[in-house]
């Protein structure tokens, strides 16, 4: 089974550098990495180019013009190009635990998608974080909160079972699934514009399609770098789209990834 790590980003190369460093430091590298770039400037492109010689696997950059928050669109474009059978996702502001890829692959299973924990790095620690280019954290590290989420205890993780029910603990910044399942539900719904609900709505369609969700507790951890909240001006509209998916038990979205698959 081949695997692609997808990292979404927008105009924060300082954070993306740490994420790429943590990807370089993985106990098990994926077969390729694709940065899904929602319209960043040349600084991000230059950073990615500088990393290409550091990896012994392909590091690709999928970019489109900046036209507002279009995360669902750029993720569809990136995943359409992915060569891996299995997709692991992270955000460009989430530093990966050393075993992040290995942990997701350990539990990869047909008819199941996975989601892990997100530990928050606090605002007052950012100067130190970027100055030291810190990519290693544990439950006792300075500058984090929600410390229990940072506990790395693989033995305990085996007691968390897959479920037919969607979990509100699901986060798109830490998830994985088979590309074939993603294609079967037509990927992300591009009707989502602006921040909110594009990730959870995809997971809901996964469940409607018959997948189970499994939480990676005590494994598969990311460390989220503090930033100001994105605009939630379209959240009510996005909520309505998600509610329609729930009410209709939708599996397929009309405005999805299929348009890129033949390219």
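The values are calculated or read from the model by the stated rules, or taken from the named source; none is laboratory data. Since the model is a prediction, treat every value here as computed from it, not as a measurement. Here the Cβ is made from the backbone with ideal geometry for all residues, glycine too, and neighbour counts use every protein chain on show.
So residue 183 clears everything in (1) crowded, with 16+ Cβ neighbours inside 10 Å; (2) at pLDDT 95 or above; (3) closer than 18 Å to residue 260 by Cα except one condition, right? Which one? The single condition residue 183 does not satisfy is (1). Evaluate the following for residue 210: is it touching a residue at least 12 places away in the same chain (Cβ under 8 Å) and in contact with a helix residue (DSSP H, G or I) (Cβ under 7 Å, 6 or more places away or on another chain)? Spelling it out, it is not the case that residue 210 is touching a residue at least 12 places away in the same chain (Cβ under 8 Å) and in contact with a helix residue (DSSP H, G or I) (Cβ under 7 Å, 6 or more places away or on another chain). Comparison of 99, 25, 11 shows that the only residue that is at pLDDT 95 or above and within 30 Å of residue 163 (Cβ to Cβ) is 99. For residue 56, the conditions (1) part of a loop (DSSP other than H, G, I, E, B); (2) within 17 Å of the chain's Cα centre (by Cα) all hold with the exception of (2). Within segment 14-33, the set of residues being in a loop (DSSP other than H, G, I, E, B) and buried (at least 19 other Cβ atoms within 10 Å of the Cβ) comprises 30 only. Out of 99, 11, 76, one residue alone is out of contact with any strand residue (DSSP E or B) (no Cβ under 7 Å at 6 or more places or on another chain) and either closer than 23 Å to residue 131 by Cα or exposed (fewer than 15 other Cβ atoms within 10 Å of the Cβ) (or both). It is 11.
Could you say whether any residue in segment 158-168 is over 26 Å from residue 38 (Cβ atoms) and out of contact with any strand residue (DSSP E or B) (no Cβ under 9 Å at 6 or more places or on another chain)? Within segment 158-168, one or more residues are over 26 Å from residue 38 (Cβ atoms) and out of contact with any strand residue (DSSP E or B) (no Cβ under 9 Å at 6 or more places or on another chain).
Here residue 62 fits the description: closer than 30 Å to residue 238 by Cα, surrounded by fewer than 23 Cβ atoms within 10 Å (Cβ to Cβ) and modelled with pLDDT of 95 or more. Given the structure, is residue 187 within 16 Å of the chain's Cα centre (by Cα) and on the phi > 0 side of the Ramachandran plot? Criteria met by residue 187. Among the residues of segment 102-133, the one identified as modelled with pLDDT of 95 or more, buried (at least 18 other Cβ atoms within 10 Å of the Cβ) and assigned to a loop (DSSP other than H, G, I, E, B) is 108.
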